[in-house]
Every structure is written in structure tokens, then in C-alpha cells.
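Data first, discussion second: the structure below is written as C-alpha cells.
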Amino acid sequence: MEPLIQHQWNISEIEAINLQKMLAKKVIKEDQFAKISYVAGVDVAYCKHSDNIVAAIVILEADSLHVVESVAVQDTVVFPYVPGLFSFRELPPIVKAFRQLKTPPQLIVCDGQGIAHPRRFGLASHLGVLFDIPTIGCGKTRLVGEFQEPELKRGSHSLLIDDGEVIGGVLRTQDNIKPIFVSIGHRISLTTACAWILKLSPKFRLPETTRQADQLVNKILGNN
């Protein structure tokens, strides 16, 4: 798989912010997809003692949630640590991993934010726009916005709001556990995104896409 939009990664902070603002205009916030047979989980982890980074993609069969393919890429970080610009650190190895995939997904779930971002263009939106594929941001923590705690039952949710704008959902995927933060990445509505995250989280707090990708990057880092 090759991204439909190409741009430089090793750029200045100001250039990166301006690029985010420009590409954010391309985000589609409604459902634009046909049948979803395969869902990708994407995760990134950093080596503690070096500038190395590991990106993993795990492809799950959408109905059974069985893993059908996994790819991992090790790379070197080239962009500095700047809050709100993580995609410029993490997407280069993710893009390299997508180039190795043999099973194209119809939906991508990212361990990070979509439009729940100061410039409405987190990693999930960035990835979705580059490949023009439906994406969902699914974060363990909130980056921006305010919300009311949802009820304690699985499936309960509340809205994540920033400056009067709905930027995501706060979703309880299991009874009596911390909620997760779901946002539109690209070509999907918030309602559909939350429904998919709930479907992908039958037993645990995090969706299987994130769990499987996280296990893969940690396994590789454990061998370094």
C-alpha cells in the first residue's frame, strides 16, 4: 500500500503546523466506505535507550477478530518531541510498514487521536488522509476537550467537546472500567467509529486492534 499524498517529514515545527492546518481541511467526517472485511490496528513504541522506534500493523478479520497478518518496522526518529506533532515522528515507520502489507484493510484503528487534537489533525486523521482510508482515533487518554463521565455500563458514552465543537466520544467499552477516547480519523462518522470500537472490544478495555499491535511492538522491543 502506498500513500496517495506524499510530503516531507523532516521539516520545521512551523512547517509541520502549517501542513497540519492544510491537510485538516481534507478530513471527511461522515461514513464513506463499503463492506469492511479487514481492520488494521496501528501502534508505535520507542526504544528507551536509543532513537529507535518500532511501528506495528496487525490486520484482523472484521467478523472473527482473528489476526490474518502482522508487519513491524524498526526505524530512527527524525522529528523532535513536540506535543501535537507526534504524527511527524510516528508516521514515517508506519508508512513503511503499510508498504509491506499483503492484506489491504478497509478500516484503520490508531492508538492515538483523530480530530480530537488542537488543530483537528491527530495521527489517525493524518494517516487516513494520506492513504484516503477510513480511520478511527482511539486514545487511552484525552489530549484536548472537556467531557462528563459516562455511565459505568459497557456501551455508555458521552461527548468530548472543545471550544463548543464535538471532537470525539468518551466510550465505556467494559463495565466499571476507565473509558477510552474515540474520535473521527477520516471517512467515518463519530457514531460509526464508536460502534466499531465497541465491536472490536468484546473482552477488554482496549480494542483488539490496539491490543494486538501493542503486543507486537512490545515483543520486538523486548528482543532489543
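The values are calculated or read from the model by the stated rules, or taken from the named source; none is laboratory data. This structure is a prediction, so every number in the text was calculated from the model and none was measured. Glycine also receives a Cβ, built like all others from the backbone with ideal geometry; neighbour counts cover every protein chain displayed. Each accessible area value is taken on the protein alone, full model and side chains, heavy atoms only, with ligands, DNA and RNA left out. Shrake-Rupley method; radii C 1.70, N 1.55, O 1.52, S 1.80 Å.
Can you pull out the residues in the range 181-211 that are open to solvent by 50 Å² or more (accessible area, probe 1.4 Å) and in a helix (DSSP H, G or I)?
Within the range 181-211, 191, 195, 199, 211 meet the criteria.
If a residue must be out of contact with any helix residue (DSSP H, G or I) (no Cβ under 9 Å at 6 or more places or on another chain) and either outside any loop (DSSP other than H, G, I, E, B) or touching a residue at least 12 places away in the same chain (Cβ under 8 Å) (or both), how many such residues does the range 77-103 contain?
Of the residues in that region, 10 qualify.
Given the criterion open to solvent by 40 Å² or more (accessible area, probe 1.4 Å), modelled with pLDDT of 95 or more, under 26 Å from residue 57 (Cα atoms) and not in a strand (DSSP E or B), identify the matching residue among 153, 178.
Checking each option against the conditions leaves just 178.
Out of curiosity, is residue 89 closer than 26 Å to residue 18 by Cβ and crowded, with 19+ Cβ neighbours inside 10 Å?
For residue 89, the condition - closer than 26 Å to residue 18 by Cβ and crowded, with 19+ Cβ neighbours inside 10 Å - is met.
Could you please find all residues in the range 162-175 being of a type in the set (Ser, Thr, Tyr) and either assigned to a strand (DSSP E or B) or more than 20 Å from the chain's Cα centre (by Cα) (or both)?
none
Just one of (1) open to solvent by 10 Å² or more (accessible area, probe 1.4 Å); (2) farther than 14 Å from residue 200 by Cβ; (3) in contact (Cβ under 8 Å) with a residue 60 or more places away in the chain trips up residue 67, so point out which.
(2)
Out of curiosity, is residue 159 out of contact with any Ser or Thr (no Cβ under 9 Å at 6 or more places or on another chain), in a strand (DSSP E or B), in contact (Cβ under 8 Å) with a residue 12 or more places away in the chain and over 23 Å from residue 85 (Cα atoms)?
So residue 159 fits the description; yes.
Kindly indicate whether residue 166 is modelled with pLDDT of 95 or more, open to solvent by less than 80 Å² (accessible area, probe 1.4 Å) and more than 26 Å from residue 63 (Cα to Cα).
yes
Is it the case that the range 22-33 has a residue that's open to solvent by 10 Å² or more (accessible area, probe 1.4 Å), closer than 24 Å to residue 8 by Cα, touching a residue at least 24 places away in the same chain (Cβ under 8 Å) and not in a loop (DSSP other than H, G, I, E, B)?
Yes - at least one qualifying residue is present in the range 22-33.
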